[in-house]
Amino acid sequence: MNDNIEELLDSIEKKHDITILFACEAGSRAYELHTPSSDYDVRFIYKYESARYLELHRPEDVITSIDKNYDLQGWDVYKALHLFTKSNPSLYEWIHSSVCYRNVKGFREKICFMMKEQYSLKALGFHYFKLLHQNSKRNLTSSVTIEDIKVVLHMARAYMALTVLIQGRELPPTSFFKLVNGFKADPLAQVITKLSGAKKQVVHITSSEIKEIKALLEKKLPHFKNELVNLPDKDASLEDINLFLAQQLT
């Protein structure tokens, strides 16, 4: 645990009179693509005392705090569980983050179990397709920049997540390297691994190599577009979610 993050979370709890149920990393540290200089993108889910929810004016459902290179944002448990019913991809990635700072009474494991049973593969599929498509439209520079590498890494992560969803009919891991480990037989695996090494500044990559990887990933778009409609859709069980919510508030 990073002591600064622990202090910041404690400070937020005290300032807003809340209890943080779960806290994690999002972004590059969650994907395990960070460098020593990467910022900390801390995300958390919190609750108020039960009586606060009975007031006419509902308490804040989003709390943000920025402190130097620490960016913290949290959702009230009501908001988080409402987004669960929509198979929200951000909530999915928070819960499956490779870096967990707080996990009160197995909060993470309980939501993970419900996600496995109730999250819509189709909803997640459309999210990752959008991520792949939007980044494919971004132009790369003539030289190698960290932004260029990030663009193509987002495409690579989306490509692998989509492949897991479509071929495996299962939820994809958030960790970039867990994704890559499942793609050792894929022709793109080697170049994607090199790309991640360039992001972490441990290997060199040329501008032509980045553009070639981007072009290869772009070619996958028509295939994914055709396959998305065949992904299974699911509706969350309001009964299960209401029971879980009640357990958190007691």
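The values are calculated or read from the model by the stated rules, or taken from the named source; none is laboratory data. None of the values given here were measured: they were computed from a predicted structure. Because the Cβ atoms are built from the backbone with ideal geometry, glycine has one as well, and the counts that use them run over all protein chains shown.
Listed values, structure above:
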| read-out | value |
| --- | --- |
| Residues being assigned to a helix (DSSP H, G or I), among the β-branched types (V, I, T) and buried (at least 16 other Cβ atoms within 10 Å of the Cβ) - total across the range 122-155 | 3 |
| Residue list for the range 3-37, restricted to those being assigned to a loop (DSSP other than H, G, I, E, B) and either in the same structural domain as S196 (by TED's automatic domain parsing) or modelled with pLDDT of 95 or more (or both) | D17, I18, A26 |
| Of residues in the range 89-119 being of a type in the set (S, T, N, Q) and over 25 Å from S50 (Cα atoms), the one nearest to the chain's Cα centre (by Cα) | S90 |
| The range 19-59, subset free of Cβ contacts under 8 Å to residues at least 40 places away in the same chain and basic (K, R), residue surrounded by the fewest Cβ atoms within 10 Å (Cβ to Cβ) | R58 |
| Subset of the range 230-250 that is among the charged types (D, E, K, R) and modelled with pLDDT of 95 or more - its residue that is surrounded by the most Cβ atoms within 10 Å (Cβ to Cβ) | D240 |
| Selection within the range 193-229 - at pLDDT below 90 and in contact with a Phe, Trp or Tyr (Cβ under 7 Å, 6 or more places away or on another chain) | S196 |
| Unmet criterion (only one of (1) more than 30 Å from G197 (Cα to Cα); (2) free of Cβ contacts under 8 Å to residues at least 60 places away in the same chain; (3) part of a helix (DSSP H, G or I)) for F107 | (2) |
| Condition check for L83: aliphatic (A, V, I, L, M) and either closer than 24 Å to K200 by Cβ or modelled with pLDDT under 95 (or both) | no |
| Residue satisfying all of: in the range 71-90; surrounded by 17 or more Cβ atoms within 10 Å (Cβ to Cβ) and among the aliphatic types (A, V, I, L, M); farthest from P59 (Cα to Cα) among these | L72 |
| Qualifying residue in the range 91-103 (condition: assigned to a strand (DSSP E or B) and surrounded by fewer than 18 Cβ atoms within 10 Å (Cβ to Cβ)) | yes |
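For (1) touching a strand residue (DSSP E or B) at 6+ places or on another chain (Cβ under 7 Å); (2) under 24 Å from C112 (Cα atoms), each residue gets a yes or a no:
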{"site": "I18", "(1), (2)": "yes, yes"}
{"site": "L21", "(1), (2)": "yes, yes"}
{"site": "G27", "(1), (2)": "yes, yes"}
{"site": "R58", "(1), (2)": "no, no"}
{"site": "Y70", "(1), (2)": "yes, no"}
